[in-house]
Amino acid sequence: MADRFIEQSKEIANNFIQNIVFIDDKAYKNDITNNAFSALDVSNVFAQSGKICAIYAPKSISDVNSYNTILNKADVVILDWYLDIEKEENQVEDPDADADNDDPRGEFTLKLISDLLSQTGMLKLLIVYTGETDLFEITNSIYQKVDQHSFHKGDCVIQSLNSKILVRAKKQNSETQFAHNPELKDKIVSYESLPTLIVEEFADMTNGLLSNFALSSISAIRNNTSRMLSVFSPKLDPAYLGHKILLENTFESKQLLIKLFGEAISELLETTDIDTKDWVDNWIENRITDETISINGVSIGKSKDLLKKMFGSEQPRLKDKYTEASGKDMSNKDEGKLQSHTIELFAYDGIDVNKSNVDFAILTHHKNIFQPAIGAPILTLGTVIKSVDKYYVCIQQRCDSVRIKEERRFLFLPLEEKGEYPLIVNNELKLFPNKSSFAIKTVKFKPKEGATIIQASKKEDKYVFYSSYGETYEWVVDLKEMQAQRILNSYCAQLSRVGLNESEWLRLIAKQ
């Protein structure tokens, strides 16, 4: 029986993938060697599968060097292994290349792969599609060029968290292909099989609930580009500029655009109504193994059927969901033990459940989910800073964090090991705001010359804020707006408490 979750993931990947780029020096030549490549046949195959296919045949080193921008934009990149290009007279030799190698097979392909992988965090599927016969040696050559701490090598595949490199053979019109090496026969791929291979391998990298939602969302945005542009019309330019010219701090106009565009995307996704109806049940069927496990001292007979029934239950409490799904009672004590460990019901393949919890919590708390930070952070409500080994969260209202013309005090609350409403500061550290009225800390800052905000400075690989007295505060992260506002509201609630000296008898009977 087909795995429905995998099939759904393939459908989502297929909808997402739009463009494939080929680099093959034989693309537009009449060639009868094993490296022959028909651009016409390949482009027709991808046209039938609804994909844009661009095929480039490099003739010079400068051609190869010019492909980086194109390859970065492609969803999938397919490269020939041996690009037979004559070196130009003034070409500088690669110092890492073998001096006596007159036939540097893979030299230019390795350069293209290295350039692509140097782009941090890119999701990329690369396929080396070759007429060469030693696929294992090609795989080894590529593996020697990648960061071996991030990548692992498999059967003609090299993979990291974000990238996958496949080595596959061009199909030849010969039944004797790989007769000497039969274990490679399943690595032969015809032109007609390329679209299916691409979708399957891409889906293999992205077949998760959240990643499927992200791909579906990006596809929805792509498909509704004209609607987005109709909302953000050039006709609004005068109104935007009229707004901007009235601002004392023009930086705020860009922040407004980011906020408006983000809200428009949210509304678009809500109205698009991405169908996630069967995703959870299908995920359970794909990932979960029936077994009896102990979670925080509570024995649970975990099964696909149990979990699907619990998700289908309309009971409000965990114990009631479990009782309805299993037919067995659960005590309040066992429910309490399970509540902070429910993730273990969904653990699979040795996944690090603690890291999964922390990363998801960071996604819900942190404003800066794309790290490292590209631009210098600004000191404002929700900014978490570090001084030596102490952490603080800024509670200065946003309106008081801009239009600064001279030295100004900023308000901070210490972050401590115990309290309410924990903050995940980083993967290893969880802290709590000290909301006591007397815990507040003030620090004076002065804007840089010509600025009206307090902006961090780059120091080595970190961002730091310098106080008016030269004290150094390392920027850690910015919290999401509502998370920061909750901390501020909680602190203000403490300030608004009323302390009365009244009759103890009257206070006590009020509690009865």
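Some notes on this structure:
- Between segment 323-341 and segment 1-53, the alpha-carbon center distance in angstrom: 50 Å
- Of all lysines in the structure, those lying under 26 Å Cα to Cα from LYS26, and not within fewer than 8 positions of it along the same chain, are LYS51, LYS59, LYS73, LYS87, LYS111, LYS124, LYS145, LYS164, LYS170, LYS171, LYS185, LYS187.
- Calculated [θ] (222 nm, deg cm²/dmol) that DSSP helices of n ≥ 4 give over the chain, each run adding -39,500 (n - 2.57): -11000 deg cm²/dmol
- For segment 160-312, a/c is not less than 1.5, where a ≥ b ≥ c are the root eigenvalues of the C-alpha gyration tensor, and a/b does not top b/c. That puts it in the oblate class.
- Among (1) 23.6, 81; (2) 22.8, 72; (3) 29.3, 103, the entry that matches Rg and Dmax of the Cα atoms in Å as calculated here: (3)
- The chain - percent of accessible surface contributed by carbon and sulfur, probe 1.4 Å: 50 percent
- Coupling constants for segment 127-132 follow from the phi torsions by the Karplus curve (6.51 cos²θ - 1.76 cosθ + 1.60, θ = phi - 60°), and in residue order they are 10, 8, 10, 10, x, 5 Hz; glycine and proline get x.
- Rolling a 1.4 Å probe across the protein heavy atoms gives segment 320-420 an accessible surface of 59 Å² per residue.
- Listed residue pairs exceeding 28 Å between alpha carbons, taken from LYS244/LYS430; LYS337/LYS367; LYS153/LYS459; LYS430/LYS462: LYS244/LYS430; LYS337/LYS367; LYS153/LYS459
- Bridge orientation summary for the chain: considering DSSP beta bridges with both residues in this region, about 65 percent are antiparallel.
- For segment 466-512 versus segment 217-274, the inter-centroid distance based on Cα atoms is 36 Å.
- Solvent exposure of segment 153-235, expressed per residue, is 52 Å² of accessible area, with all protein chains present and a 1.4 angstrom probe.
- Listed by chain and number, the aspartates and glutamates placed with their C-alpha closer than 17 angstrom to that of LYS304 are ASP3, ASP278, ASP281, GLU285, ASP290, GLU291, GLU324, GLU344, ASP349; residues fewer than eight positions away on the same chain are left out.
- Sequentially through segment 312-317, phi angles give Karplus couplings (6.51, -1.76, 1.60; θ = phi - 60°) of x, 6, 9, 5, x, 9 Hz, Gly and Pro residues having no value and appearing as x.
- Under 18 Å from the Cα of LYS444 - aspartates and glutamates, other chains or at least 8 residues apart: ASP400, GLU406, GLU407, GLU471, GLU474
- Using the Karplus relation 6.51 cos²θ - 1.76 cosθ + 1.60 with θ = phi - 60°, the per-residue 3J(HN,Hα) values for segment 355-362 come to 5, 4, 4, 5, 5, 5, 4, 4 Hz, with x marking Gly and Pro.
The values are calculated or read from the model by the stated rules, or taken from the named source; none is laboratory data. The model shown is predicted, which means the values in this text are computed figures rather than measured ones. Areas reflect the complete protein model, heavy atoms only, side chains present, ligands, DNA and RNA absent. Shrake-Rupley method; radii C 1.70, N 1.55, O 1.52, S 1.80 Å.
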